[in-house]
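Here's the structure we're looking at; comments come further down.
The values are calculated or read from the model by the stated rules, or taken from the named source; none is laboratory data. Just so you know, these numbers come straight off a predicted model, no measurement behind them. We place every Cβ from the backbone using ideal geometry, glycine too, and count neighbours over all the protein chains shown.
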Amino acid sequence: MRELDNKAKRAAKDSELLEAFIVESEPFIIKSASKVSKRFITKQEDEYSVALIAFSEAVQKYDDQRGSFYSFAEGTIRSRLIDYFRTQGKHANETTLDWLQDSHFVEYNDHQLALEIEALTPVLQSYGFSFMDLTESSPKAEKTKAVCAQAIVFLKNNPIIWQEVQRTKLLPLKIVASHLDLPQKILERHRKYIIAAAEILMGEYPYLADYLRFIKEHE
């Protein structure tokens with residue numbers, strides 16, 4: 001076991017060691033909170049306080065069967081911040097699929113979500129990509145997200161075209177772009193995300209669909 005993991009286990013039984021461990025881990029906590037929040041988080045913000053509490057919680061719950069401590073702690077911080085954002089109504093429409101790559105978050109914090117990802121994985125593989133690919137394919141800018149949302153809604157509203165996508169495993173970029181007067185290059189760049197989101201919203205994946213609620217604004 002790594003020294004860092006041992007330190008976490010010792011800190012769970014000693015408040016002074018925990019305090020020192022938290023101080024030592026402040027850069028990690030800030031980085032983890034900023035990653036989930038999609039902006040830099042300072043120690044004066046509520047997000048940092050939530051992440052700090054989550055880090056302490058991770059220390060108390062950690063055991064070496066859960067892999068490295070920092071990986072486990074990052075998953076716990078993600079979970080608590082997402083819960084915080086939901087209760088505050090913050091970032092509710094900004095969450096994309098990229099955070100789902102965190103296997104520790106999925107495994108230890110949301111069993112139903114993990115089951116849906118497991119079910120969807122072979123579906124995405126039939127298109128030639130995986131969840132890992134969605135990190136780069138997910139839109140970040142608001143305008144780009146709006147373009148992708150329009151394309152996804154178009155596929156939902158045109159079942160014949162969607163059936164052809166499922167049959168050929170190809171997204172008809174020219175057809176979608178011409179019907180909606182959208183930039184074809186953007187659709188091509190985010191093809192994997194559009195297909196994955198369409199599969200989620202038109203399949204039986206309620207937990208995953210919850211993270212795509214912003215698309216309903218374009219329906």
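Evaluated against (1) surrounded by fewer than 13 Cβ atoms within 10 Å (Cβ to Cβ); (2) within 24 Å of Lys140 (Cα to Cα); (3) touching a Lys or Arg at 6+ places or on another chain (Cβ under 9 Å), Arg78 falls short on exactly one condition, (1). What do you reckon, is Tyr108 hydroxyl-bearing (Ser, Thr, Tyr), at pLDDT below 90 and either assigned by TED's automatic domain parsing to the domain that holds Ser79 or assigned to a helix (DSSP H, G or I) (or both)? So Tyr108 fits the description; yes. Every condition in (1) among the aliphatic types (A, V, I, L, M); (2) within 24 Å of Asp83 (Cα to Cα); (3) in contact with a Phe, Trp or Tyr (Cβ under 8 Å, 6 or more places away or on another chain) holds for Ala54 except the one numbered (3). Helices (runs of 4 or more DSSP H) fully within the range 128-219 that include at least 3 residues being without any contact (Cβ under 8 Å) to a residue 60 or more places away in the chain and out of contact with any His (no Cβ under 9 Å at 6 or more places or on another chain): 142-157, 159-168, 173-180, 184-189, 191-201. Report, by residue number, each residue of the range 33-73 that is under 16 Å from Lys7 (Cα atoms) and charged (D, E, K, R). Within the range 33-73, Glu57, Lys61, Asp63, Asp64, Arg66 qualify. Scanning the range 168-181 for residues that are within 27 Å of Phe85 (Cα to Cα) and β-branched (Val, Ile, Thr) turns up nothing.
Return the residues of the range 134-166 that are crowded, with 19+ Cβ neighbours inside 10 Å and charged (D, E, K, R); say none if nothing qualifies. Matches in the range 134-166: Lys145 only. Any residue at all in the range 114-123 that is modelled with pLDDT of 65 or more and assigned to a loop (DSSP other than H, G, I, E, B)? No. No other residue among Phe21, Phe40 is free of Cβ contacts under 8 Å to residues at least 12 places away in the same chain, in contact with a helix residue (DSSP H, G or I) (Cβ under 7 Å, 6 or more places away or on another chain) and among the aromatic types (Phe, Trp, Tyr) apart from Phe40. Looking at Lys61, is it farther than 23 Å from Glu204 by Cα, at pLDDT 85 or above, surrounded by fewer than 19 Cβ atoms within 10 Å (Cβ to Cβ) and basic (Lys, Arg)? Judged against the criteria, Lys61 is a match. The single condition among (1) modelled with pLDDT of 80 or more; (2) touching a Phe, Trp or Tyr at 6+ places or on another chain (Cβ under 7 Å) that Val153 does not satisfy is (2).
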